[in-house]
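A.B. asks: Got a structure for you, questions after.
Only the coordinates and a few stated rules stand behind these numbers; no lab work does. Everything numeric in this text was worked out from a predicted model, so none of it was measured.
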Amino acid sequence: MSVFKQYASYYDSLYRNKDYEKECDFLERIFEKYSSKKIHSVIDIGCGTGSHDLALDKRGYAVVGIDLSSEMVEIAKEKIKNKKTQLEFFQGDARRFDLGKKFDAAISMFAVLSYQITNEEIISSFKRARCHLDAGSLFIFDVWFGPAVLVQKPCDRFNFMEKGDKKIIRLTTSDFHLLSQTVDVKYKLFTISGDKILDETNEVHKIRFLFPQEIKSYLAQSGFEVLDMCPLGELGAVPNDNNWDVTIIAKAV
């Protein structure tokens, strides 16, 4: 299933209130608590339009971002055009990429791993991350947390925002599939100027929700040890069924 094509052009507008700096503060707290070495280089697997990477670059990290969506990668590259930066962006599949180098840490933010639907895809993604890390290096990612998804259930949403003289409307509906642990998230977006619809985009994003013991098992099969799990941004807290987004901190072994 192809996602983040037309949707990519809306991405930064839709998530303009997402606090990337705060999430990078969170990452640095994890680095300080769990890394046995000073972290200089970071690979961002599923970098999107590069907003986490821009924030980390400003803090002095050498960051390489990869993303399956060529549209998202082009937007990320445009952000650093004519800027002095160490940042690099590449189109690549989390399940298959090979950059031929290793990094001090790997990150995969905003539920990128939940876009891997089958057990095999998840393990392949974990193994690709492991190949780009030395023993002892950190792998930090977040997923849709199964206990919270089962309790809360996905709900329909309506978002409205203004961009210059245009309005963007996003309608979100979901189909829940218990046995496959997936949700089909259906996005319908409209760009409106006055009383005219300028553009309409439809995409379906299939997302998998995951549970603690299976995450540990897949990571162990891929050469990682789980160090901690916590709600996104809440280092030291214990996840519960109120926490839809949970961060996993693993170490390459």
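A.B. asks: What does the C-alpha gyration tensor say about the overall shape of segment 149-207? Classify as rounded when a/c is under 1.5, otherwise prolate if a/b is larger than b/c, or oblate.
C.D. replies: prolate
A.B. asks: Next up: Per the Kirkwood formula on distinct C-alpha pairs, the Rh of segment 175-253 is how many angstrom?
C.D. replies: Result for segment 175-253, one decimal place: 15.7 Å.
A.B. asks: Further question on the same structure: For the chain, state the average projected area of the convex hull of the C-alpha atoms over all orientations, rounded to one decimal in nm².
C.D. replies: 13.5
A.B. asks: What residue among G136, G65, G100 shows peak mean-square fluctuation when the chain is described by a Gaussian network model with Cα springs under 10 Å?
C.D. replies: Result for the chain, Cα springs under 10 Å: G100 fluctuates most.
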